[in-house]
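Read the figures in this text as sums done on the coordinates, not as results from a lab. Bear in mind that the values here come from a model prediction, so they are computed numbers and not experimental data. All Cβ positions, glycine included, derive from the backbone under ideal geometry; neighbour counts span all protein chains shown.
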Amino acid sequence: MAQHIETGKKGEALAADYLQQQGYTILHSNWRHRHYEIDLIATRDAVLHFIEVKTRISLDFGLPEEGVTRKKIRNIVKAGVAFQFEHPGWKRVQYNVLSIVLNPPQPPAYYFIEDVYL
């Protein structure tokens, strides 16, 4: 398996653990609608959260959150709308980015950006 795919899978698992420790309930991981995907869908305090996870093992190409483009956010929003169509009833929704830097032997560094807008 390619290194970036392994890093992404590890990051998503770490993200789910991190969010659960912060009081989130994970509903879905890698939820797909057509060609759109949402890394994690979670709830906390009656808010539905669509979370994009970006993980990097070095900062040679910038911070992980810098890899979330406008196009990626638009695609997550489209997928979020599709999810809400299939699972109606949510009054409050947020789109978030969870950035993770893996730099062993140090523990993972997390940076959570809530309520991302274009």
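A few notes on this one:
- Checking the stated criteria, Leu63 turns out to be of a type in the set (A, V, I, L, M) and surrounded by fewer than 16 Cβ atoms within 10 Å (Cβ to Cβ).
- Filter pass, Ile57 being touching a Leu at 6+ places or on another chain (Cβ under 6 Å), of a type in the set (A, V, I, L, M) and more than 16 Å from Gly23 (Cα to Cα): yes
- Residues of the range 1-37 satisfying the condition of being at positive phi and either part of a strand (DSSP E or B) or within 12 Å of the chain's Cα centre (by Cα) (or both): Asn30
Here is a yes/no grid of residues against (1) over 15 Å from the mean Cα position of the chain (by Cα); (2) part of a strand (DSSP E or B); (3) under 25 Å from Ala109 (Cβ atoms); (4) of a type in the set (Ser, Thr, Tyr):
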| site | (1), (2), (3), (4) |
| --- | --- |
| Ile41 | no, yes, yes, no |
| Leu48 | no, yes, no, no |
| Glu52 | no, yes, yes, no |
| Gly62 | yes, no, yes, no |
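- Lone unmet requirement of (1) under 19 Å from Pro108 (Cα atoms); (2) surrounded by 15 or more Cβ atoms within 10 Å (Cβ to Cβ); (3) without any contact (Cβ under 8 Å) to a residue 60 or more places away in the chain for Trp31: (1)
- Residue within the range 74-82 that is in a helix (DSSP H, G or I) and either within 17 Å of Tyr110 (Cβ to Cβ) or of a type in the set (Asp, Glu) (or both) present: no
- Some residue of the range 44-54 being in contact (Cβ under 8 Å) with a residue 60 or more places away in the chain, of a type in the set (Gly, Ala, Ser) and closer than 19 Å to Glu114 by Cβ: no
- Number of positions in the range 86-116 that are within 14 Å of the chain's Cα centre (by Cα), exposed (fewer than 15 other Cβ atoms within 10 Å of the Cβ) and not in a strand (DSSP E or B): 2
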